[in-house]
Every structure is written in C-alpha cells, then in structure tokens.
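The block underneath contains the structure these notes are about, expressed in structure tokens.
The values are calculated or read from the model by the stated rules, or taken from the named source; none is laboratory data. Keep in mind the model is a prediction, meaning the values are calculated, not measured. Quick reminder, even Gly has a Cβ in these numbers, built from the backbone with ideal geometry, and neighbours come from all protein chains shown. Ligands, DNA and RNA are stripped out before the accessible areas are found, and what is left, the full protein with its side chains, is counted by its heavy atoms. Shrake-Rupley method; radii C 1.70, N 1.55, O 1.52, S 1.80 Å.
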Amino acid sequence: MKFGMKPKSLLLILFLLVGKTLFSQVPELSEKSQISLLTCAAGDEVYTAFGHSAFRVQDSVLGIDVVYNYGTFDFNKPNFYLNFAKGRLIYSLSRSTFDNFLYSYELEKRWIKEQILDLTLEQRNQMLQFLENNYLPQNRDYLYDPLLNNCSSITGTILKDQFGDKVVFDGSYLDKQYTFRQLVRQYLSVNTWSMFGIDLAFGSPVDRKATVQEHMFMPYYAMEQIKRTTLDGKPIMKRERTVLDYDEHMRQSFFPLTPLFWFMLLLAFTGVITYFDYRHQTRSRWLDFSLLLITGLIGTVLFLLWVATDHTSTPRNYNVLWAFPLNMVVAFVFAFQEKLPEWSSKFFWTALGLIGLMLLLWIFKLQIFSPVLIPLLLTLAIRYVYLIRYSKL
C-alpha cells in the first residue's frame, strides 16, 4: 500500500499542468485504449510490506498514459497523527504519469505486474469518467480503513459499483477463507515488533473470516482475484504482463532484536529477582512498579482505541485482560510502601483470573493473541503469585 510522494521532476509538474487542461473535459477514449490493474511488490518498510494496487489508463491515439492511485496521503495535513490515532485518516486519489509512477519502484527494485482488463470501449469510457470524476478536488479524499477501504480493496469496490452484478468474484482459488489477522500475518512474521504491535492493537473483529471480496484488501490477493473474476460471464482479465521484473523482497529478522527474545529475557530476569525476593522475604518495589505501570499504560491505550476511536479493527480488544488499565493506578499505590494493603491479595487474584479468562478466549478462538505474549504472561503470573504470598506475611 503505497504512500503519496511529492513531485520529483519537472516532467511531472508539466504533466499536471497539461493534464488539468487535457482532462477539463474527459476525453473519449479510442479503440486502442486499455485500462489495467497494476500490482506492486511488497517493500522493506512496514508501510510497504503488503504491496500496492493502482489503475492505469492508456490510449496511444490520445497520448494518455496515467495512473490513478488511491494510496496517497499527506503527512503535513493538519492533525495527521491525531486523525490516524482516532481512525479518521484521510487518503486521496492522486493521478500521475505512468513513467513517474514506475520510477519509484525502479529505485526500490520492486516488481510490478499489469493485468489488462477485457472491457468494451463503452466500459472503458465509463471507468475513465468515474476515475476523473473521483479525482475532482471535492471527491478525491476518502476515509481510509486499513482492512475494509484501502488502495487495494477499493479496486473491487469500484468494479462492483461500476458494473454491478455483472462482476462475479470467484473464490475457488482460495484454499480456505482466512481471517483478517491471518491475512496480515502472511506478510509480516509474528515474531517482529511491527506484527506484535499490530496483534496488540487488533481486537476480536479481525478474527472473523473475510469474504471473498474482502480478501482483496491485500494487493497480492486482489491480483489473484482478478484472474478469477468474470464480467458478463467472461474473464475480466484479458492478459497479464510483467512491467518490472525484480525478485521478491525477503525480510529477515535478527533473533536478539525480536520481541520474543526480550520477553524471554524479561521472564528469566523476573524469575531470578522473584527467587531472591522469596529467599530474603522482601519485595523489589521497582520491578513491581515497572511491570504494573507499563502493562497499565498499554491497557489504557488499548481501551481508548476500543471505545474512543473510529477504528473498525480495534474494538473488543481483550488484550486489556492482561494489560489491565487499573495496573497503572495500583503501580503508584504499591510503589511507596513496603507492606502491601489488605486488598492487594484480592487484586492480584483478580489479575490472575483475567489472564486465565484471556487464555479461555484464545482457546475458543474468540480472539487470537500473539504467541509472543506467552513469556510475558508467565512473567506477570510469577510476580502476581509471589505478591499474593507476600501480602500474607
């Protein structure tokens, strides 16, 4: 899913100036015109890890070769990060020359495949009219959703909107229908900080199976889907060709930099500290404060993403059962006194019970959690059990 780019050359600036005049009235395409779907390979950065999709319109008679890109946004827009956090991120449809679009992928050595659509001249003109109308300043912005309304899923939406029930998405190529979380995990390793963060933020809604069309939110799936899609009972894809031919980018992680390594280290460290606390009948208040404060902060953020934002993927997030928001308050209560209050035993029994409830939700697949969490859950359990015992001293 490709982020927007600033103009990089005088050629693009000239195109935009000429294009404004050229498309002030949408031209009628010639018989030599064609419309295609471009699919671009995944890149090295997290925001490029899933690939990208865009429409291309060509007409050698009119001298048109442009790309309509629904994956553009502007970091400099007011309140960009606040809107991102609230789930109100605005993306825009941009239009550029094909050569300029191609340039960035050549620099990044990412392949591009093109699927030429088998449309009649009337249908091609209908598509161009739609794209140009969508490109008008008052129409080009749209509310982005990473799973339900992104640069890739919008291709299926457009085809359905333009041609209705004449378009049929055949899902027989799928070995099974995946959940949204499973689809994302196909492109990011579970044991990476980026996927751990995504798993943490995702709530239970992403653990439902995606429909055949909803699989198209992933560009690679959209490309495969177009091969099995029909229009008026005939394949919608006329032919496919490779525009740029590069190897797939392979992302490798160094284990000592992964979350699993650090959580295992934390588990071992907590186990050693707890052992010495037990031997000396004492309590490492700094350790309890750190664990409670950090898990409480995480839980508070997750709870706000659940109840105070417009994100469709973050509600009903039961990670708050282990990252208990009240931990943040309790951390400060326990930080300044060696002897625990009388109610502390009940609090830690409750915290253990919530972790147990989370595990039940996991077992019954009401929400799937990151397996990287296991050593972290063991860390909390060890400390909670010890604090229950210590509270009775």
Review point. Cβ-Cβ below 6 Å, separation at least six or inter-chain, first residue in segment 73-99 and open to solvent by less than 70 Å² (accessible area, probe 1.4 Å) and modelled with pLDDT of 80 or more, second of a type outside the set (A, V, I, L, M) and in a helix (DSSP H, G or I): which pairs?
Key: LEU89/ASN83; LEU93/ASN134; LEU93/TYR135; ARG95/TYR135; THR97/PHE15
Exercise for review: Hand me the list of helices (runs of 4 or more DSSP H) wholly inside segment 105-218 holding 2 or more residues that are over 30 Å from THR258 (Cβ atoms) and among the aromatic types (Phe, Trp, Tyr).
Suggested key: 121-135
Practice item. Kindly indicate whether LEU131 is open to solvent by less than 20 Å² (accessible area, probe 1.4 Å), touching a residue at least 40 places away in the same chain (Cβ under 8 Å) and among the hydrophobic types (A, V, I, L, M, F, W, C). Key: yes
**Study point:** Unmet requirement for LEU107, which otherwise passes all of (1) under 30 Å from GLY87 (Cα atoms); (2) surrounded by fewer than 17 Cβ atoms within 10 Å (Cβ to Cβ); (3) not charged (D, E, K, R)
**Key:** (1)
Check your understanding: Taking interchain pairs and intrachain pairs at least six residues apart, which have beta carbon atoms under 8 angstrom, with the first residue in segment 40-67 and open to solvent by 60 Å² or more (accessible area, probe 1.4 Å) and the second among the hydrophobic types (A, V, I, L, M, F, W, C) and in a loop (DSSP other than H, G, I, E, B)?
Key -> VAL46/LEU188; TYR47/MET1; TYR47/PHE3; LEU62/LEU29
Exercise for review: Within segment 163-187, work out how many residues are over 17 Å from PRO219 (Cβ atoms), of a type outside the set (D, E, K, R) and open to solvent by 40 Å² or more (accessible area, probe 1.4 Å).
Suggested key: 3
Study note, to complete from the structure: When segment 278-305 is checked residue by residue, the ones that are crowded, with 19+ Cβ neighbours inside 10 Å and not in a loop (DSSP other than H, G, I, E, B) are ASP288, LEU291, LEU292, THR295, GLY296, ILE298, GLY299, LEU302, LEU305
Review point. List pairs: first in segment 188-211 and closer than 17 Å to TRP322 by Cβ and open to solvent by less than 30 Å² (accessible area, probe 1.4 Å), second assigned to a helix (DSSP H, G or I) and of a type in the set (Val, Ile, Thr), Cβ under 7 Å, 6+ apart or cross-chain?
Key: PHE196/VAL372
